[in-house]
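Notes follow the structure.
The values are calculated or read from the model by the stated rules, or taken from the named source; none is laboratory data. Source: prediction; values computed, not measured. Every residue, glycine as well, gets a Cβ built from its backbone with ideal geometry; the counts of neighbours run over all protein chains shown.
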Ligand code: SF4
């Protein structure tokens, strides 16, 4: 049985065992094996993870990994990337192992995400996907003559169902074989895109749990999650040669800011003013300056000891950007000053007192996809934006380069 770890069936399993089995030794051991194969030199998924495993334990172990990542690491950290890539690779390998011989099962799993049209060959050598006829010439255009059954075009899905993967830059629109709004896919393509989409959904799930848990008194699930946390950190450090959102606390260097942040500092229009200043700029500057190492309810005062860093470095930049907005943000909305301190974790206080830090969550910068959704005008990507998914990753990656 292959289960999408976020499906309703999987959810039922998690609900049934919440609390007890979720942190059992058996589940922990399985969770460890789900990621440990990435540490070896060969990086081959062991056979025991491809078949013959207990599906309930498998679902619980994946959930334990998600929660461990959400509790301990920032979104877009290399540990989260590791969990996501493991789930993605496992799902792909498990579906590939079923092969074309069990096409119906693969299609039933993939149809959770895609409305799949199965092509039927026409006498002229083309294919018909329900009402859409693709002629022989079109079908074999653009080097589509690939060898082997799993590579032959067999299905069509609306290209829109792949847009999440395209937006995440995991697939280029120009690489799709498109005909009349349909993306034509082979068996291998279908599995590839299904796994990628699953990986992105896992990332969304962990990020949403991270946001939910921020500022809350979340208890460690058990000592086993501590071990799992350490395991994720050690594998990720080896695999990605340093965490993705690593960085030293240091004076802000504006030449490394991403285009969206540079644009906000230059001033924004009324439509996206509040989001730009209070949500994005405030979180970006504070996290970029403090570079917290942990995601477990971080408080600014644990990373910034001198209040002048806030009052003389971070807040002046935010206030200047607010005054460059059209119209200036605090002129008609003076209450936004309070909101900025709230987003920095100081609660609803008008005074900057380090002892108040931790009264509200210290908000993490939204990811690029969310920014494009909430305030599309702010995102003006450059070349380097192709490599990252969060403005903070851009900043630290630019440093590294
Ligand atoms: S892609 Fe991300 S970092 Fe780059 S401009 Fe857009 S929101 Fe900013």
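The table for this structure:
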{"quantity": "Considering residues of region 138-169 that are closer than 15 Å to residue 193 by Cβ and modelled with pLDDT under 85 only, the residue surrounded by the most Cβ atoms within 10 Å (Cβ to Cβ)", "calculated": "168"}
{"quantity": "Sole exception among (1) loosely packed, with under 15 Cβ neighbours inside 10 Å; (2) within 16 Å of the ligand (Cβ to nearest atom); (3) in contact (Cβ under 8 Å) with a residue 24 or more places away in the chain for residue 383, by number", "calculated": "(3)"}
{"quantity": "Among the residues listed as 250, 288, 236, 244, the single one being at pLDDT below 95, more than 16 Å from the ligand (Cβ to nearest atom) and under 23 Å from the mean Cα position of the chain (by Cα)", "calculated": "236"}
{"quantity": "Residue list for region 291-303, filter: buried (at least 21 other Cβ atoms within 10 Å of the Cβ) and modelled with pLDDT of 85 or more", "calculated": "300"}
{"quantity": "Filter pass, residue 349 being more than 9 Å from the ligand (Cβ to nearest atom) and in contact (Cβ under 8 Å) with a residue 60 or more places away in the chain", "calculated": "no"}
{"quantity": "Number of the exception - residue 337 against (1) away from the ligand (no atom under 14 Å from the Cβ); (2) part of a loop (DSSP other than H, G, I, E, B)", "calculated": "(2)"}
{"quantity": "Residues that are touching a helix residue (DSSP H, G or I) at 6+ places or on another chain (Cβ under 8 Å), part of a helix (DSSP H, G or I) and more than 10 Å from the ligand (Cβ to nearest atom), drawn from region 357-379", "calculated": "374, 377"}
